[in-house]
Amino acid sequence: MTADDPELRVSKIESGTVIDHIPGGLALTVLGVLGIDGEGDATVSVGMNVPSDRLGRKDILKVEGHELSQSELDVLSLIAPEATVNIIRGYEVAEKFRVERPTEVVGVLACPNPNCITNAGEPAEARFTVLDAGVRCTYCETILREDITDHVQV
Amino acid sequence: MRMRQDHITSAKALSRGDIEAVLDRAAEFAGDPTAHADRRPGALLGLAFFEPSTRTRMSFAAAIKRLGGDIVDMGPVEASSVSKGESLADTVRVIEGYADAVVLRHPSEGAATMASEFVDVPLINAGDGAGQHPTQTLLDLYTIRAAAGLDGLTLGIVGDLKYGRTVHSLAHALTNFEVEQHFISPETLALPESVRYDLDAAGAAVEEHTSLEPVLGELDALYVTRIQQERFPDESEYRAVAGEYRIDAETLAGIDELPVLHPLPRIDEIQYFKQAHNGVPVRMALLDLLLEGDR
Ligand SMILES: [Zn+2]
């Protein structure tokens, strides 16, 4: 690490998750879909529009005391496919990985089709197949593209 | 042969082999539908119709009875436990206890796919909202094959391509054959993105048009779907569009013996009409194949 590594612009955390390489301007969206709204006691640091070789401008999030679950990672992969995730334990990077686009997301998104069986109070979790661009409801086959974040139900 | 699919929820899941097995057996049964009561004696078909569809219900009932079986019918929704708030999942599990196969008609899209996850007996989708209606598709394929063949066919599909679920199922199924599909509709009623996506993914030969006249001469058969008044904000707009896509003697003047196929129920956009009445033999064939062997 060098002195101008952008990661140093936000303070180190003892344990939790650092999400790097979020497309510039989407940090608050990511917090929103992860359900982190400042109500809990987690310390959250946000770096916005940090210069990045890969993305031009990127956002960085540090969330203290919270490791992302698989379904949270799945949502993250849909809105920030370039993101890297660092799991921090004892001030050290315990795990570092790129998000992977899953082939399917279950229970993460609600189907936008009001007439879909998953919106009818049945014991079936909304399930989506991940396409090259967007996702598609396994049950009613509706395709969801740009506005995925509006349908997150984590 | 056995069907690759245990449940028939979507025409998309049917392989070419599945389709041909059903159509070939339907052709055998169509010769004399009354001669096959020894095929499935004692078989019970559960009917779960969450919305009325007299024609489809009667066709399935006739088919299983022609094979020597019988129906167990959930009856109208108002009179059943469904109205007391029982879920679809629970309802089909109950019917499964009485039946060797279940036919489901439901107003919500994806209902059959979901219901099939809760039962072990074959479940047949008889229509799920604006979604799929695979037995209608098999009937359409049977009719088209008899009238004009499938491989090498250039087919025009005209009318409401957006909401017409029979079109969506048929278009998927035709990708199993060497068929060139021409879709003709007003822009507001064009194929939905999800259907177009699948056709492109299947590498289907597809063209979309807003006018029938330029392509009419290339077609081997024409499939007409009903443009429904409720899709339009006012009656005058509906009349203008419905009139433009009406198929009548004038439209077909100079075209030699073009088979025109039209799923019921129909309204005024077609006068020339040639529809095979093979719903029962096709459903007999499907049921016979699904009930074949140990399950
Ligand atoms: Zn859906």
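Quick look at the values:
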| quantity | calculated |
| --- | --- |
| Unique residue being of a type outside the set (Gly, Ala, Ser) and in the same structural domain as A:Leu144 (by TED's automatic domain parsing) when the list is A:Thr118, A:Thr43, A:Thr84, A:Thr29 | A:Thr118 |
| Test: residue in the stretch B:204-223 that is open to solvent by 10 Å² or more (accessible area, probe 1.4 Å), in contact (Cβ under 8 Å) with a residue 40 or more places away in the chain and closer than 23 Å to B:Asp24 by Cα | yes |
| When residues of the stretch A:138-154 are limited to those that are facing another protein chain (nearest Cβ under 7 Å) and touching a Gly at 6+ places or on another chain (Cβ under 6 Å), the one farthest from the ligand (Cβ to nearest atom) | A:Ile143 |
| Residues being open to solvent by less than 60 Å² (accessible area, probe 1.4 Å) and more than 17 Å from the chain's Cα centre (by Cα) - total across the stretch A:91-114 | 4 |
| Residue in the stretch B:231-245 that is modelled with pLDDT of 90 or more and touching a strand residue (DSSP E or B) at 6+ places or on another chain (Cβ under 8 Å) present | no |
| Odd one out for A:Ile88, checked against (1) more than 12 Å from chain B (Cβ to nearest Cβ); (2) crowded, with 21+ Cβ neighbours inside 10 Å; (3) within 16 Å of the ligand (Cβ to nearest atom); (4) over 13 Å from the mean Cα position of the chain (by Cα) | (3) |
| Looking only at the stretch A:124-137, and only at residues there that are part of a loop (DSSP other than H, G, I, E, B) and surrounded by 20 or more Cβ atoms within 10 Å (Cβ to Cβ), the one that is farthest from the other protein chains (Cβ to nearest Cβ) | A:Ala126 |
| Listing of strands (runs of 3 or more DSSP E) fully contained in the stretch B:1-114 that carry 1 or more residues being without any contact (Cβ under 8 Å) to a residue 60 or more places away in the chain and open to solvent by less than 20 Å² (accessible area, probe 1.4 Å) | B:44-49, B:101-106 |
| Residue ID - farthest from A:Leu34 (Cα to Cα), chosen from residues in the stretch A:107-123 that are more than 10 Å from the ligand (Cβ to nearest atom) and more than 11 Å from every other protein chain (Cβ to nearest Cβ) | A:Gly107 |
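Yes/no matrix, rows are residues, columns are (1) open to solvent by less than 10 Å² (accessible area, probe 1.4 Å); (2) within 14 Å of chain A (Cβ to nearest Cβ); (3) more than 13 Å from the chain's Cα centre (by Cα):
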{"residue": "B:Thr135", "(1), (2), (3)": "yes, no, no"}
{"residue": "B:Asp140", "(1), (2), (3)": "yes, no, no"}
{"residue": "B:Gly149", "(1), (2), (3)": "no, no, yes"}
{"residue": "B:Arg165", "(1), (2), (3)": "no, yes, no"}
{"residue": "B:Ser185", "(1), (2), (3)": "yes, no, yes"}
{"residue": "B:Leu189", "(1), (2), (3)": "yes, no, yes"}
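The values are calculated or read from the model by the stated rules, or taken from the named source; none is laboratory data. Keep in mind it's a predicted model, so treat the numbers as computed, not measured. As a convention, Cβ positions derive from the backbone with ideal geometry for all residues, glycine included, and neighbour counts pool all protein chains shown. SASA here: full protein model, heavy atoms, side chains in, ligands and nucleic acids out. Shrake-Rupley method; radii C 1.70, N 1.55, O 1.52, S 1.80 Å.
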